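Asks: Take a look at this one; I'll ask things after.
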Amino acid sequence: NMKLTEQQIRFFDIFGFLHFPGLFGNDIDHITKSFEQVWKNNNSSNQFQIHDGKQRSTIVPFIDQDEYLCSLIEDQRLDGITTAILGNDYNYVSSDGNFYVGDTPWHSDFSRPKKTIKAAFYLDEVMRDSGCLRVIPGSHKIGDTFETLLKETIITESLKETLALGVHASEVPSFALECKPGDLICFDRRIKHAS
């Protein structure tokens with residue numbers, strides 16, 4: 001089983017994310033083909049709108065619809081990361097598949113005190129100027145002063161062109177998680193993030 005170092009666990013606890021470059025590099029072609037097949041199956045059954053490139057398209061649940069993708073839950077790399085962060089008694093909850101278009105506003109996926117994580121694959125190369133995920137390190141600590149200020153200012157205003165802070169939402173200080181196909185990003189779902 002893959003094991004995280006004490007430094008990686010501490011980094012995740014403090015900053016709320018980890019990036020594993022190339023961890024699934026040997027698997028990305030199979031992951032991509034399976035991703036495309038799930039979309040094809042859903043589009044042919046008319047369950048979901050065909051992605052038109054004009055707005056975000058999402059399928060939930062996603063990996064549950066493909067035997068190979070579903071098997072990744074038990075992959076020793078994902079299981080090792082998840083066990084190190086959440087403990088042996090963690091539980092898989094859900095998945096989603098997305099085609100993103102344009103910017104996403106600053107938000108958190110989860111706002112309860114309980115630690116949860118999201119593991120994400122990007123099937124295209126995404127860089128700081130072409131759609132990569134941006135996170136505000138440390139913003140996952142619900143209820144502390146920093147997180148509260150972010151929630152009151154950046155999150156509530158993130159759909160505005162210019163924030164009350166005098167900067168565009170894209171200029172909020174953050175860490176850009178640039179990725180190539182085969183990388184894995186793991187983040188606390190409470191962290192403030194956007195792309």
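Asks: Hey, LEU72 hits all of (1) open to solvent by 40 Å² or more (accessible area, probe 1.4 Å); (2) at pLDDT 95 or above; (3) farther than 25 Å from ARG128 by Cα but one; which does it fall short on?
Replies: Exception for LEU72: condition (1).
Asks: OK, next. Out of all the residues in segment 80-127, which are in a loop (DSSP other than H, G, I, E, B), under 23 Å from THR156 (Cα atoms) and charged (D, E, K, R)?
Replies: Pass one, segment 80-127, residues in a loop (DSSP other than H, G, I, E, B): 87-96, 100-106, 108-116, 121-125, 127.
Adding the requirement that they be under 23 Å from THR156 (Cα atoms) leaves 100-106, 108-116.
The answer is ASP103, ASP109, ARG112, LYS114, LYS115.
Asks: Tell me, yes or no, whether segment 39-49 has at least one residue that is open to solvent by less than 60 Å² (accessible area, probe 1.4 Å) and within 18 Å of the chain's Cα centre (by Cα).
Replies: no
Asks: What's the total number of residues in segment 110-147 that are under 22 Å from LEU165 (Cα atoms) and open to solvent by less than 40 Å² (accessible area, probe 1.4 Å)?
Replies: Looking only at that region, the number is 7.
Asks: Would you confirm whether any residue within segment 141-153 is in a strand (DSSP E or B), touching a Ser or Thr at 6+ places or on another chain (Cβ under 7 Å) and within 20 Å of THR116 (Cα to Cα)?
Replies: No: zero hits.
Asks: Return the only residue of ASP96, ASP89 being among the acidic types (Asp, Glu), touching a strand residue (DSSP E or B) at 6+ places or on another chain (Cβ under 9 Å) and loosely packed, with under 14 Cβ neighbours inside 10 Å.
Replies: ASP96
Asks: Something else about it: When you scan segment 153-175, how many residues do you find that are touching an Asp or Glu at 6+ places or on another chain (Cβ under 9 Å), under 20 Å from GLY102 (Cβ atoms) and either surrounded by fewer than 17 Cβ atoms within 10 Å (Cβ to Cβ) or at pLDDT 80 or above (or both)?
Replies: Number satisfying all stated conditions: 3.
The values are calculated or read from the model by the stated rules, or taken from the named source; none is laboratory data. Here the structure is a predicted model, which means the values were calculated and not measured. Positions of Cβ are generated from backbone atoms using ideal geometry, with glycine treated the same way; all protein chains shown enter the neighbour counts. To get the accessible areas, we keep the full protein, side chains included, count just its heavy atoms, and leave off ligands, DNA and RNA. Shrake-Rupley method; radii C 1.70, N 1.55, O 1.52, S 1.80 Å.
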